[in-house]
1. Which condition number in (1) of a type in the set (S, T, N, Q); (2) surrounded by 17 or more Cβ atoms within 10 Å (Cβ to Cβ); (3) over 19 Å from L110 (Cβ atoms) is the one that S277 fails?
2. Test E15 against the stated conditions and say whether it is surrounded by fewer than 18 Cβ atoms within 10 Å (Cβ to Cβ), among the acidic types (D, E) and either in contact (Cβ under 8 Å) with a residue 40 or more places away in the chain or not in a helix (DSSP H, G or I) (or both).
3. Cβ contacts < 6 Å: first residue within 21 Å of V151 (Cβ to Cβ) and more than 10 Å from the ligand (Cβ to nearest atom), restricted to the range 188-210; second residue not in a helix (DSSP H, G or I) and not β-branched (V, I, T), any location; separation 6+ or different chain. Result?
4. Checking G216 against (1) within 28 Å of T262 (Cα to Cα); (2) more than 10 Å from the ligand (Cβ to nearest atom): exactly one of these is not met. Which one?
5. Considering only residues that are part of a helix (DSSP H, G or I) and more than 20 Å from E100 (Cα to Cα), which ones fall in the range 155-174?
6. Have a look at D118, D184 and point out the one that is acidic (D, E) and within 16 Å of the ligand (Cβ to nearest atom).
7. Among T214, T262, which is the only one that is more than 18 Å from H194 (Cα to Cα) and of a type in the set (V, I, T)?
8. Just wondering, is there one or more residues in the range 249-264 that are over 19 Å from L110 (Cβ atoms), near the ligand (Cβ under 10 Å from one of its atoms) and not basic (K, R)?
Amino acid sequence: MKDFRDVAKAGVTVEALFRAACFDASELRILLEQATGLSRVQQITRSDHSLTVEEAQKLVGLLERRDAGEPIAYITGIREFFGLPFRVSPDVLIPRPETELLVERALAVLPHGGMLVDMGTGSGAVAVSVAHERPDAVVMATDVSEAALSVAMENASQILGTDGRIRFCQGNWFEAFDAGMSFDVVVSNPPYIHCEDRYLKEGDLRFEPENALTDGADGLAALSILVEEAPHYLKNGGWLLVEHGYNQAKAVQEMLAQRGFTAVQNWRDLAGIGRVSGGCWRERGNAG
Ligand code: GLN
């Protein structure tokens, strides 16, 4: 492959840039849009546009960042999730498509006018998607990271408008809110990767906040706090739904059953991997 620095020079046309095949074409489209303001359609209809000095410099800067492994979403500052444009920064995990399953399951069990909390909201992807889909719902979101909460708040106001529909609380898991609060749904995509998993040192993950990816232990520590504590904050018949790793479905379902959840089950993501588990909390027969 040709070096993009030799191709992306002032005067080169958009067409010649793609013809040179100096970079992954779909990534080049995204970064070229960032550098020139030409939409992906315009890059085709106006492919005879020649890059200005400034555009070429900007493009090379973006390609260099990507070449060094920085995630596309951090470079553009945006990632689509559940059909909505979420702003992302290195303070938050980049929303993953498989997490849309968590939103779908939450929507399925959330009663009309119900209350949901998203624990460890990060960019706010789950909380904002639920609130967007269900204007009747009361949605709360927590995170231990103030920087993450500010990204989530910005997404809430950009996507939902500044109507204050989501209440944000800062704190470590359930320390974020007062005893006595109770929800129809507690939902979370916690850090669940084993701290020694080499996957943490690959691809996008190298650039993401470590405490959003791993609990610093075996990957089940945060999940077990959620399973242990959630019943104190669930209404009778309320649901706990959590995302987990590809090999954690059995362990998480066992924890849920052991804690006294009923209707414990697991759902597979589009790749066929057991990705979300949950259970229903019934007061009767559960001493707590
Ligand atoms: N699903 C993410 C990944 O595997 C991890 C997200 C998480 O730890 N909650 O890249």
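Values in this text are rule-based calculations from the coordinates and carry no lab data. Computed from a predicted structure; not experimentally measured. When we count neighbours, we look across all protein chains shown, and the Cβ atoms used for this are built from the backbone with ideal geometry, even at glycine.
1. Condition not satisfied by S277: (3).
2. Against the criterion (surrounded by fewer than 18 Cβ atoms within 10 Å (Cβ to Cβ), among the acidic types (D, E) and either in contact (Cβ under 8 Å) with a residue 40 or more places away in the chain or not in a helix (DSSP H, G or I) (or both)), E15 does not qualify.
3. Filtered contacts from the range 188-210: F207/E70; F207/P71.
4. (1)
5. Result: S157, W173, F174.
6. Details: D184 fails: within 16 Å of the ligand (Cβ to nearest atom).
After applying the criteria, what remains is D118.
7. T262
8. No: the range 249-264 contains no residue that is over 19 Å from L110 (Cβ atoms), near the ligand (Cβ under 10 Å from one of its atoms) and not basic (K, R).
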